[in-house]
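> Quick one: the structure is below, questions incoming.
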Amino acid sequence: MGRQLIHDLGSGSSNDLGSVEQFRPRTLARRLTGFLPREIKAIDAKIPLESRELWKRHEVKKFTDKDGFQAKFIQHVETTLARSLYNCDELAAYEAMSEAVRDNLVIDWNKTQQRVTARDPKRIYYLSLEFLMGRALDNALINLNTDDCDDPTSREMVEGALKQLGFRMEDVLEQEPDAGLGNGGLGRLAACFMDSLATGDYPAWGYGLRYQYGIFAQKIIDGHQVETPDYWLNIRNPWEIERSEIQVPVSYYGHVERPQGASTLSPCDWIGGEQVLAVPYDMPVPGFKTSTVNNLRMWSAKPTTEFDFSKFNAGDYSNSVADQQRAESITAVLYPNDNFRSGKELRLKQQYFWCCASLHDIVRRFKKSSGDWTNFPDRVAIQLNDTHPTLAILELQRILVDLERLDWHAAWSIVTRTFSYTNHTVMQEALEKWPVSLFGHLLPRHLEIVYDINWFFLKDVERKFPRDLELLSRVSIIEDGQESQIRMAYIAVVGSHKVNGVAELHSELIKTNLFQDFVDIYGLGKFTNVTNGITPRRWLKQANPRLAQLIAEKLNDPQDQYLLDMSRLTELATFADDPIFQQQWEEVKLYNKMRLADLLHRLNDGVDVIDRDYLNETLFDIQVKRIHEYKRQQLNIFGVIHRYLSMKDMLSNGAPFVKVANKFPRKVSIFGGKAAPGYFMAKLIIRLINAVADVINNDPDIEDLLKVVFIPDYNVSKAEVIIPACDISEHISTAGTEASGTSNMKFVMNGGLIIGTVDGANVEITREIGEENIFLFGTLAEHVEELRFKHRFHNKPLPSSLTKVFAALEAGVFSTENNAEFQPLVDATRRHGDHYLVSDDFDSYIAAQSLVDRCFHRDRSSWLRKSILSVANVGYFSSDRCVEEYAETIWNVEPVKKD
Ligand SMILES: *Cc1c(COP(=O)(O)O)cnc(C)c1O
């Protein structure tokens, strides 16, 4: 084998980033950051004084002004891209600009890693199978460290510099593809956390997978969702640094060997049957107004350089190459399911690949500075974003027992003090389970470890609750049945010292339902809440520069310090009734509606669905999120149909148009979101929305009073345009199903009001902004089970309002294919138990909607007051607050500030 691998965890490299080679003066070209002080001393001693002085003299400098930026830009156009003034198009400008900005980031990133290594504090590792980062360039400009910059507003400076070079910033930024390595809220949460961790100077690394295909691109063809692959690495990615010198071998299959008579608790050899290599790609994550640049390490699968010589020698060259290529398939594609388990072997392979590589990387770094395993939980905190990284618990136990030869119980104590687990759902269909047979075939040693963990756990339970066999079977990690399954959430609970939900209501449901037995076993102290948050840098400053500017002016804060201390927004409350401020506020909203109208114009081949002359008089009602029955886009579109039918009824009963317009003033209902490719009902909902849009938008009777728009391919960069334009957004999940929601926070931060159920973080949003500033409706979580029961066994009748909607659907008013096209959506409510309580909540939803209409159209001043007060009190939902809570109550880590 050509390269030395890091199988031997004992032989750590001296480079904190994981170079496998020992330091040799001649290999200075390798990346050299993150050295311990004693290592630097030793290295220094070996380098001739002259070299050291040269190095100092040629220190790489960041650009700090327009001129410096322009020089870097041109240099990258001409050398990195090998282009010139004459063939530098917008894509080239994006690339050159990114390289220039990246250079600045990398300089600070090196210093950050060196600083952290020297101080050697307790580190945070955030394990997430998804990081929905979106675009990097604009964010990097906002977070550009301007310590040494004359111009405090780095983004404006670069914008001006770019203009002089002949480019419009907006057009250049548009060239960047989204890094869509996530499905929805969970992946975006991880991205917001990375931003806040860097901003708070926390020594934190993210670990994820570098999928070659991110979340699919959604096209709408004849009203249907069509998925196309997102080959996002098509254009060179300037935001990643390949570390091909680091290779972690990962094994699968094979068998376990141990001395005769030895128990599974003692060290053994797992002889893997298939091996691949994990190669990391590092992405710098800059903080806001700090020189801290953290690392997001994403693993990519490569074949081992070991070749199947038996096949090769047998003349089967192409098959032996094909085998190798299979390795790459491990990180080829992100699974496109949101809140739904997939159960595919390749998914489990991905999970192990990522957990194994990350754990070995973490352990190697730990061993560089400490040889004492009992210290490990004081040096390392590992946060599990949902159960996807649960295998990391098993892998650490395997490393400690099999490779480090610690006693089983000593090892387990280290493991449980290291990990903590964030639960993201209580819905059964989303909870991960793996058939024992599949699991044991792929990971034979890990299955033994699962059995042993379960054995000792159940023994403890039995000691505490003697002879309660029911309890033992309920909490067993192994679920018995036709096919035994491993309950991953239970491993995560048993293997962690803290388990948190992501909003108060959700954290309560975890304690009273999902993990009720575990509360009895461990006590309440293990279970906690950390309400989700979002980063105000991306979701206010970047997405809504006009509003950010108005706020900065009003707070007399030209340096945008409020973005670090969002409690300062409360000062805005003083101006909630100020007519001049209200007018400015409204003008910003109008500008943002125009921006969204432009986007829709582009997406709709140059046709305007919304009348641009009436943007301020049109209520923008928006529901953008993954399409899911529990999120109830069907409730929304049924409501739209109801509104349309009511308008038509009035007209056909001879009501004058003004009367109709008075009752149903101008409104556009905007939808966006992807459905999992295999989720029939979600795709049918998309189909229905588009079918309804077709009828309503082309009905001359109602003129332009009501429009329906489905925005294709909802993603982070579209969200940044859509959300600031919103008057009212819909967060209408069946109570108890949405763990938190984060787009609710994004909308409120942008002055949009909410129509919503008492679910997820809507509860805390209401508490923060005041119940007079939110439109709540619907069944409470505590009544959901009872209503479901009534539907199943007592054939609960539908409200007449919904009956009318269903009659229209069944009459084919919106059908283009056949009249039964939408029957499954009708039947889910009318015949199959209405699991999501659409019928129960329909009338209160309609009532809440008419209240929204009245508030928006009859008393704009009080509407604007609500909007201003919402923003004034949204500070709590900054992800800065959120990571601080994790740091203090779960991780026990401190920031590393620059001296
Ligand atoms: C914030 C965000 C989500 C999460 O939306 P919810 O309404 O909280 O489910 C999903 N997708 C994208 C692109 C987002 O930015």
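The values are calculated or read from the model by the stated rules, or taken from the named source; none is laboratory data. None of these values were measured; they are calculated from a predicted model. Positions of Cβ are backbone-derived with ideal geometry, glycine not excepted, and every protein chain shown enters the neighbour counts.
> Of the residues L129, L209, L144, which is more than 15 Å from the ligand (Cβ to nearest atom) and either at pLDDT below 95 or surrounded by fewer than 18 Cβ atoms within 10 Å (Cβ to Cβ) (or both)?
Going through L129, L209, L144 in turn, the sole match is L144.
> Tell me the residue from D649, D699, D704, D727 that is farther than 29 Å from P336 by Cβ, within 30 Å of the chain's Cα centre (by Cα) and more than 13 Å from the ligand (Cβ to nearest atom), please.
Of the residues listed, the single one that is farther than 29 Å from P336 by Cβ, within 30 Å of the chain's Cα centre (by Cα) and more than 13 Å from the ligand (Cβ to nearest atom) is D727.
> Would you mind finding the one in A191, A204, A198 that is within 16 Å of the ligand (Cβ to nearest atom), crowded, with 23+ Cβ neighbours inside 10 Å and among the hydrophobic types (A, V, I, L, M, F, W, C)?
On the way: A204 fails: within 16 Å of the ligand (Cβ to nearest atom); A198 fails: within 16 Å of the ligand (Cβ to nearest atom).
That would be A191, the only listed residue that is within 16 Å of the ligand (Cβ to nearest atom), crowded, with 23+ Cβ neighbours inside 10 Å and among the hydrophobic types (A, V, I, L, M, F, W, C).
> Say whether the condition of being in a helix (DSSP H, G or I) and over 30 Å from V692 (Cα atoms) is met by at least one residue in segment 817-836. Walk me through how you get there before you give the answer.
Kept after step one, since they are in a helix (DSSP H, G or I), are these residues of segment 817-836: 823-830.
Filter again for over 30 Å from V692 (Cα atoms), leaving none.
So far as segment 817-836 goes, no, none of its residues is in a helix (DSSP H, G or I) and over 30 Å from V692 (Cα atoms).
> Select from segment 578-625 the residues that are touching a residue at least 24 places away in the same chain (Cβ under 8 Å) and of a type in the set (S, T, N, Q) and write down the one among them that is nearest to L550 (Cα to Cα).
Q584
> Here's a check for you: in segment 254-272, which residue that is within 39 Å of the chain's Cα centre (by Cα) and of a type in the set (A, V, I, L, M) is nearest to T304 (Cα to Cα)?
Selected residue: I271.
> Could I ask something else about it? Please name all residue pairs, on different chains or six or more residues apart, with Cβ atoms under 6 Å, provided the first residue is in segment 472-484 and is crowded, with 16+ Cβ neighbours inside 10 Å and the second residue is in a loop (DSSP other than H, G, I, E, B) and of a type in the set (S, T, N, Q).
Final answer for the pair search is I478/S484.
> Now for a separate question. Restricting to strands (runs of 3 or more DSSP E) lying wholly in segment 453-550: which have 3 or more residues that are of a type outside the set (A, V, I, L, M, F, W, C)?
Numbers: elements: 485-487, 498-501, 527-529.
Result: 498-501.
> Next up: Give all pairs with beta carbons closer than 7 Å in which a residue from segment 730-755 that is in contact (Cβ under 8 Å) with a residue 40 or more places away in the chain and among the aromatic types (F, W, Y) meets a residue that is more than 9 Å from the ligand (Cβ to nearest atom) and in a strand (DSSP E or B); count only pairs at least 6 apart in sequence or on separate chains.
Pairs found: F747/I754.
> With under 21 Å from L645 (Cα atoms) and in contact with a strand residue (DSSP E or B) (Cβ under 6 Å, 6 or more places away or on another chain) as the only criterion, which of A820, A848 stands out? Explain how you work it out, then say what you get.
Details: A820 fails: in contact with a strand residue (DSSP E or B) (Cβ under 6 Å, 6 or more places away or on another chain).
Only one candidate passes the filter, namely A848.
> Can I ask one more? What number of residues within segment 166-188 are of a type outside the set (S, T, N, Q) and within 13 Å of the ligand (Cβ to nearest atom)?
The total comes to 10.
> Also, quick follow-up: Report yes if some residue within segment 641-658 is among the small types (G, A, S) and touching a residue at least 40 places away in the same chain (Cβ under 8 Å); otherwise report no.
No, the conditions are met nowhere in segment 641-658.
> Return only the number of the condition from (1) free of Cβ contacts under 8 Å to residues at least 60 places away in the same chain; (2) surrounded by 21 or more Cβ atoms within 10 Å (Cβ to Cβ) that Q428 does not satisfy.
Only one criterion in (1) free of Cβ contacts under 8 Å to residues at least 60 places away in the same chain; (2) surrounded by 21 or more Cβ atoms within 10 Å (Cβ to Cβ) is unmet by Q428, namely (2).
> Further question on the same structure: If you scan segment 232-290, which residues turn out to be of a type in the set (A, V, I, L, M), part of a strand (DSSP E or B) and over 30 Å from L197 (Cβ atoms)?
The answer is V256, I271.
> On the given criteria, is Y211 hydroxyl-bearing (S, T, Y), within 26 Å of T535 (Cα to Cα) and touching a residue at least 12 places away in the same chain (Cβ under 8 Å)?
Working: hydroxyl-bearing (S, T, Y): yes; within 26 Å of T535 (Cα to Cα): yes; touching a residue at least 12 places away in the same chain (Cβ under 8 Å): yes.
Yes: the conditions hold for Y211.
> Looking at I755, is it modelled with pLDDT of 95 or more, away from the ligand (no atom under 11 Å from the Cβ), of a type in the set (V, I, T) and not in a loop (DSSP other than H, G, I, E, B)? Walk me through it before giving the result.
Numbers: modelled with pLDDT of 95 or more: yes; away from the ligand (no atom under 11 Å from the Cβ): yes; of a type in the set (V, I, T): yes; not in a loop (DSSP other than H, G, I, E, B): yes.
Yes; evaluated as a whole, the condition is true for this residue.
> Continuing with the same structure: Right, I696: buried (at least 20 other Cβ atoms within 10 Å of the Cβ) and not in a strand (DSSP E or B) or not? Can you show your working first?
Values: buried (at least 20 other Cβ atoms within 10 Å of the Cβ): yes; not in a strand (DSSP E or B): yes.
Spelling it out, I696 is indeed buried (at least 20 other Cβ atoms within 10 Å of the Cβ) and not in a strand (DSSP E or B).
> Would you confirm, using the coordinates I've provided, whether E50 is of a type in the set (D, E) and within 38 Å of the chain's Cα centre (by Cα)?
The answer is no for E50.
> From the list A719, A735, A693, exactly one residue is of a type outside the set (K, R), within 16 Å of the ligand (Cβ to nearest atom) and under 21 Å from V826 (Cα atoms). Which is it?
Residue meeting the stated conditions: A735.
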